[in-house]
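The values are calculated or read from the model by the stated rules, or taken from the named source; none is laboratory data. Bear in mind the structure is a predicted one, so any value in this text is a computation, not a measurement. Positions of Cβ are generated from backbone atoms using ideal geometry, with glycine treated the same way; all protein chains shown enter the neighbour counts.
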Amino acid sequence: MAAGLILIGMGPGGISGMTLSAIEAAKNADYRRYEAYTALWSESHISELENEIGAIDKVMRPEVEDPVELLELAKTECVALLIVGDPLQATTHVDLQLQAIEAGVECTVIHGISITGLVTGAVGLSNYRFGRQTTLTYPYGGWVATSPLEVIALNMAQGMHTLALLDLDPTGEGVGGQVPMQPKDAADSLIKMAEKLKLSVEDMPSESHLDKLKLEACETICNNVSDLMVVLCSDMGTEDQNISYLSVNDLATAKTGRLHCLVIPANLGDVEKVALHRWAKK
């Protein structure tokens, strides 16, 4: 293959979820790199993929956000960067694409199945009714970010569902040692966010209609966060996929998996209500 950088979507997990064009491009590349900090495959799935396409080297946040070595190699060789899900779902990879163009490196994209498209239909909610997406983060150095809960609250007030991805890196540095957030961690994170937000909600702006709507929504969610109903989506798109509809309080004892995300529903339509209750905790 010609020299350049190929951003390859790996899909959610396992070689069976990759497109034929993705597998073929990775197999024919001179070098293969696996970006292992925005999302992860299991080690067994990575080994299976290596058996199919050849050796893969792992790269982390520094190599992708400051891709001097990656782009220099791609000027003379074909370099495949394998990315879980779809390559352009994260702004990190859009920025890499732009840096490649600026450096005069040919950059092509082979798309893959993304969690953002997979989850909505799988749980039974209307894709048209999803608002802004967010990520529940670990409390880095004791700092608790409240913005994810604010996003959820405002989406709900506007009748929109929320997809909340769960953090992978307790350090926030993106250099390795990931510990994907588990359901109990997510519950703890939401409760800590509510405790912190409750102390500052009165200081939020209230000039515009949207400001007032957000303020009221934050007050409501802070007082009821433990009872908030969520959809726990585990290992989506793999043979271990599991979906549960339960309260934040029940997340503490929910079945764990490898990778999780949450969907926080707003008010439900008739079909959505029936669809969600399939996953209710028995």
### Message
Take residue 235 and tell me if it is touching a strand residue (DSSP E or B) at 6+ places or on another chain (Cβ under 9 Å), surrounded by fewer than 20 Cβ atoms within 10 Å (Cβ to Cβ) and either touching a residue at least 24 places away in the same chain (Cβ under 8 Å) or closer than 16 Å to residue 281 by Cα (or both).
### Response
yes
### Task
Any residue in region 149-177 that's in the same structural domain as residue 37 (by TED's automatic domain parsing) and at negative phi: show its pairings with residues that are outside any loop (DSSP other than H, G, I, E, B) and charged (D, E, K, R) at Cβ separation under 9 Å, as long as the two are six or more apart or on different chains.
none
### Task
Filter region 127-167 for residues that are out of contact with any strand residue (DSSP E or B) (no Cβ under 7 Å at 6 or more places or on another chain), surrounded by 20 or more Cβ atoms within 10 Å (Cβ to Cβ) and not in a helix (DSSP H, G or I) and give the result.
137, 138, 146
### Query
Given the residues 109, 105, 119, which is the only one that is out of contact with any Ser or Thr (no Cβ under 9 Å at 6 or more places or on another chain) and closer than 18 Å to residue 232 by Cα?
119
### Message
For region 114-148: of the residues being among the hydrophobic types (A, V, I, L, M, F, W, C), free of Cβ contacts under 8 Å to residues at least 60 places away in the same chain and in contact with a helix residue (DSSP H, G or I) (Cβ under 9 Å, 6 or more places away or on another chain), which is farthest from residue 186 (Cα to Cα)?
### Response
130
### Message
Given the options 214, 273, name the one that is surrounded by fewer than 17 Cβ atoms within 10 Å (Cβ to Cβ) and not in a strand (DSSP E or B).
### Response
273
### Summary
Scanning region 19-53 residue by residue, those under 18 Å from the mean Cα position of the chain (by Cα) and crowded, with 17+ Cβ neighbours inside 10 Å turn out to be 34, 35, 36, 37, 38, 39, 40, 41
